[in-house]
Structure formats: structure tokens, C-alpha cells
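Undergrad: Encoded as C-alpha cells, here's the structure I'll be asking about.
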Amino acid sequence: MALPMLRGCHRFPSTFSCIRLFLNESLILNRSGRTRLPSSPPAAVTAAVRPYSSERDGQNRKVVVVGIPNPFIWLRTRIYYFLIRAYFDKEFNIQEFTEGAKQAFSHVSRLLSQCQFEALEGLVAKDLIGKLEEKCNLLPSSHKKALSADPDEIMYTTPGDVGIFYDDNGRKFVSILMRFWYLTSARLPNEAMEGTRIFQVAIGGEGNPETKRLLTANYEFQREFTKGVPPDWTITRIEHSKLLD
């Protein structure tokens, strides 16, 4: 059963030191798909404040994310959400989907990091697994470690591109591209990670600060809504900026 975490969504705590994020992204690995109807363009990240805070091991930490979607793009994506509820799934809820997608991202990125490609079957599209295995096998251990996104280190999650499309046989599909920003403490060479942000994360306000990098990832979730097909979401596209080149 593909991605069961997208059916029952649970919230993870967010625990980070006080920092401000300036978000950047890069698309790396793509999977060609079927011809789709016109889809909503990716949401822009520009200028508002979204705080996260919690406690972990008795230490107070907080993160502030700067971002606001383009109003036109925001409206278009809401129209697509309405169409999904009206014609495909009346119980669809983007907030619940986002929480489930975050869990799926953390789980799949950990499997990628550990090169457990057989465990990806049923979660990731079959034709994509082979491409990921080829790419991951060429990565140094530090880059493999950086692929893994711990739930507590996922700093920001937002829906991007939304698509509704049909194939030549009349099968119906919905795809939602999710964008993730997460921190990693993996030791990565500076020359190989040009353009990424580096943060000094002070734990408890004392001692030497821990150096972490802000990385981005895009995961596309797709579900077939043809009558009689199991209601499963499958990952059909995976992109990790600066890692899966």
C-alpha cells in the first residue's frame, strides 16, 4: 500500500534555534510523466514571517521562516484544490495532505540515505527507483547522509505545482509537488555546495554552536483516480538540491 502516512496525518514538533531563512532552490532529478492539463505554477517565496517553536531536551529553540506566496498563484492552487474535492475526492484537505507528505518525505529520504532501494517499492514509482539507485550509489557518504531529513529538522513545507491530467487510455491523475526546506549537520565540502545557506545553531545558548546547512527538496506525489484503482499516493519525482546532480 503506497504512502499510508498520507491517509492519517500527525503533526511533528519543530525544534530549531533562532535563525532567519533566506530560501533558495534548484531542480536536480526529474521523471518524465504523462501529458497534463495546464497546472498551477510554483509558489513564490518572498517576504512574510512564519514562526515555529517548541522544546526539545529542555532547550528552547525557534525558527523564523520568511515567505509569502504570490496572490495569483495562491488563488490558482486553491481553484485546483476545489476541483480535486469536487470531481475526485470530496474529503481532500491540503493541510492534512501536507502533514502526510512531510512524514512521507522524512521516511523516503531516510531510505534513500541508507540506500534501501528495495524498501522504496510501493512508495516511489518503479521507473524512478532505478534512477535514484544509480545516482545514490555514486554519492560520497557525506552526501548520502545529507539526503535524510529528520522530522524535527524540516523547517518549512509548502505545496507547489498542482496538476490534473489524463493519459491516452482515459485514466485520471492528480499530482501535487511539495517543497521542503530542512537542516542537515552532514559535513559537506563548501565548493560542492555553493549557493546553499550555512547557519550556526546554538543549542541552549551555551557552548560551541553547531554548523548546519539549509537544503531544499522537491517531491511530487501522484494518485490515480480512475474507478477501481486503489486510493494510493505514489512519489513520482524526487529532487534534492546540490546533492543528486
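The values are calculated or read from the model by the stated rules, or taken from the named source; none is laboratory data. On a predicted model such as this, the values are computed, not experimentally measured, just so you know. Surface accessibility is based on the protein's heavy atoms, side chains included, excluding ligands, DNA and RNA. Shrake-Rupley method; radii C 1.70, N 1.55, O 1.52, S 1.80 Å.
Undergrad: Residue by residue through the stretch 143-157, what is 3J(HN,Hα) from phi via Karplus (6.51 cos²θ - 1.76 cosθ + 1.60, θ = phi - 60°)? Round to whole Hz and write x for glycine and proline.
TA: Each residue of the stretch 143-157 in turn: 6, 4, 4, 5, 5, 6, 10, 5, x, 6, 9, 7, 8, 7, 9 Hz.
Undergrad: Where only protein heavy atoms count, and the probe is 1.4 Å, what is the accessible area per residue for the stretch 71-240 in Å²? Mind dumping the intermediate values first?
TA: Details: 7970 Å² over 170 residues.
Per residue, the stretch 71-240 has an accessible area of 47 Å².
Undergrad: Another question about this same structure. So what are the radius of gyration and Dmax for the Cα set of the stretch 71-240, in Å?
TA: 18.0, 62
Undergrad: Less than 18 Å apart at the alpha-carbon level, and either on another chain or at least 8 residues along: which lysines does that give for K131?
TA: K144, K242
Undergrad: State the percentage of accessible surface on the stretch 71-240 attributable to carbon and sulfur atoms; use a 1.4 Å probe and exclude ligands, DNA and RNA.
TA: Numbers: 3820 of 7970 Å².
On the stretch 71-240, the fraction of accessible area on carbon and sulfur atoms equals 48 percent.
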